[in-house]
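This report refers to the structure that appears directly beneath it.
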Amino acid sequence: MLLASAVVVWEWLNEHGRWRPYSPAVCHHIEAVIRSDPRSGSLVLGQVDSRLSPYIIDLHSMHQFRQDTGSTCSSFFSVTLNSWSCVVHLWC
């Protein structure tokens with residue numbers, strides 16, 4: 001269980017090999033979906049941000065898919081504890 005002061009940031013690997021964070025609203029949505037049904041298969045990012053409507057995250061493989069092009073990339077999350085410099089990364 002995460003501390004109430006923890007901040008969860010989900011990120012995706014772009015075409016230049018750089019990790020880019022999702023917006024706080026998207027991160028919150030991802031966490032809410034996982035908490036409501038840990039066995040969820042996927043989620044549509046366009047439900048939170050219309051600019052992300054072509055993207056789906058497969059929660060089992062931890063990959064983001066772009067439906068209109070078929071491209072895929074990895075996703076992961078990091079947890080930052082409020083005033084600590086501790087960061088936990090999870091790649092699946």
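The table that follows gives values for the structure above.
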quantity	calculated
Residue that is nearest to S61 (Cα to Cα) [pool: residues in region 1-50 that are open to solvent by less than 80 Å² (accessible area, probe 1.4 Å), modelled with pLDDT of 85 or more and hydroxyl-bearing (S, T, Y)]	S42
Yes/no for F77 being at pLDDT 85 or above, surrounded by 15 or more Cβ atoms within 10 Å (Cβ to Cβ), at negative phi and not in a loop (DSSP other than H, G, I, E, B)	no
Subset of region 41-56 [outside any loop (DSSP other than H, G, I, E, B) and either in contact with a Ser or Thr (Cβ under 8 Å, 6 or more places away or on another chain) or of a type in the set (D, E) (or both)]	V44, L45, G46, I56
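The values are calculated or read from the model by the stated rules, or taken from the named source; none is laboratory data. Values in this document were obtained by computation on a predicted structure and should not be read as measured data. Ideal geometry is used to build each Cβ from the backbone, glycine not excepted, and the neighbour counts take in all protein chains shown. Just so you know, the surface numbers come from the protein's heavy atoms only, side chains and all, with ligands and any DNA or RNA stripped out. Shrake-Rupley method; radii C 1.70, N 1.55, O 1.52, S 1.80 Å.
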